[in-house]
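Engineer: Got a structure for you, written out below as structure tokens; questions coming shortly.
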Amino acid sequence: MQKTIERKNSRTKTRELVLIGLSIALIYIATAFLKFEIPTPNGGGLVHLGTGMMMIVSILFGRKTGAVSSAAAMGMFDIFSKYTIWAPTTIITRFIMGLIIGSIANKNGKSKNSTIRNFLAIIIGGAWMVVGYYIGEGLTFGNWYTPIASIGGNILQVLVGGILALILVPGIKKSGILENR
């Protein structure tokens, strides 16, 4: 009996690690390769589909997978790109954003099926993203006025990602691809 429980726990942990690894890869690819830049006073904003992918992951798989994979993937993108200075802000902001979205969308375990709850999760998580990047930029550059110019681009980022997530999540769930086999 004990060995059966240990084997099951081991399979669950392995599955969770694989899921987090795949989520990191998907979010990184969507961030690094599906993007366009917006000129801003602080050197350029970035709108990418990684935000939509991290929202999808957080809604479908919950706060732990959403937070860890979002922070890791988007932090790696910043570190390996010209946005290195943003890495600490990105890692903290995206981790918390994944926690928020995953927690709200998966309250009571089955709420991820609620479009309204998913919408609220995206709005609240997106609001945190805007605030988190504002604070991060203010602390990084020691200026609380310049970050105001980034707010519009961050809101656009949330809108694009949120629309993508709200459109794709129901289709992904209906496809049955996520069913345990």
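Engineer: Is it the case, given these coordinates, that R11 is modelled with pLDDT under 95 and either open to solvent by less than 10 Å² (accessible area, probe 1.4 Å) or in a helix (DSSP H, G or I) (or both)?
Structural biologist: In short, yes.
Engineer: Going residue by residue through the range 17-29, is there one that turns out to be modelled with pLDDT under 95, open to solvent by 60 Å² or more (accessible area, probe 1.4 Å), of a type in the set (A, V, I, L, M) and under 18 Å from A165 (Cβ atoms)?
Structural biologist: No: the range 17-29 contains no residue that is modelled with pLDDT under 95, open to solvent by 60 Å² or more (accessible area, probe 1.4 Å), of a type in the set (A, V, I, L, M) and under 18 Å from A165 (Cβ atoms).
Engineer: Continuing with the same structure: Checking the structure you have, find out if any residue of the range 84-93 is farther than 22 Å from E179 by Cα, under 13 Å from the mean Cα position of the chain (by Cα) and open to solvent by less than 40 Å² (accessible area, probe 1.4 Å).
Structural biologist: Yes - at least one qualifying residue is present in the range 84-93.
Engineer: List the helices (runs of 4 or more DSSP H) inside the range 63-174, counting only whole elements, that have at least 3 residues being within 19 Å of F33 (Cα to Cα).
Structural biologist: By residue number, 63-79, 87-105.
Engineer: In the range 121-161, what residues are among the small types (G, A, S) and under 15 Å from the mean Cα position of the chain (by Cα)?
Structural biologist: A121, G125, G126, A127, G132, G161
Engineer: Are there any pairs with C-beta distances below 6 angstrom linking a residue in the range 147-162 that is closer than 16 Å to I59 by Cα to a residue that is among the small types (G, A, S) and part of a helix (DSSP H, G or I), with the two at least 6 apart or on different chains, and if so which?
Structural biologist: Going by the 6 Å Cβ cut-off, the qualifying pairs are V158/G126; G161/G52.
Engineer: Do we have any residue at all in the range 35-48 that's closer than 19 Å to I96 by Cβ, at pLDDT 95 or above and in contact with a helix residue (DSSP H, G or I) (Cβ under 9 Å, 6 or more places away or on another chain)?
Structural biologist: No: zero hits.
Engineer: Only one of (1) more than 27 Å from T14 (Cα to Cα); (2) of a type in the set (G, A, S); (3) without any contact (Cβ under 8 Å) to a residue 40 or more places away in the chain fails for S81. Which number is that?
Structural biologist: Every condition holds for S81 apart from (3).
Engineer: Same structure, new question: For I92, which of the numbered conditions (1) free of Cβ contacts under 8 Å to residues at least 12 places away in the same chain; (2) within 20 Å of M54 (Cβ to Cβ) fails to hold?
Structural biologist: (1)
The values are calculated or read from the model by the stated rules, or taken from the named source; none is laboratory data. If you're wondering where the values come from, they're calculated on a predicted model, not measured in any experiment. Glycine gets a Cβ as well: all are built from the backbone with ideal geometry, and neighbour counts include every protein chain shown. With ligands, DNA and RNA removed, areas are computed over all heavy atoms of the protein, side chains included. Shrake-Rupley method; radii C 1.70, N 1.55, O 1.52, S 1.80 Å.
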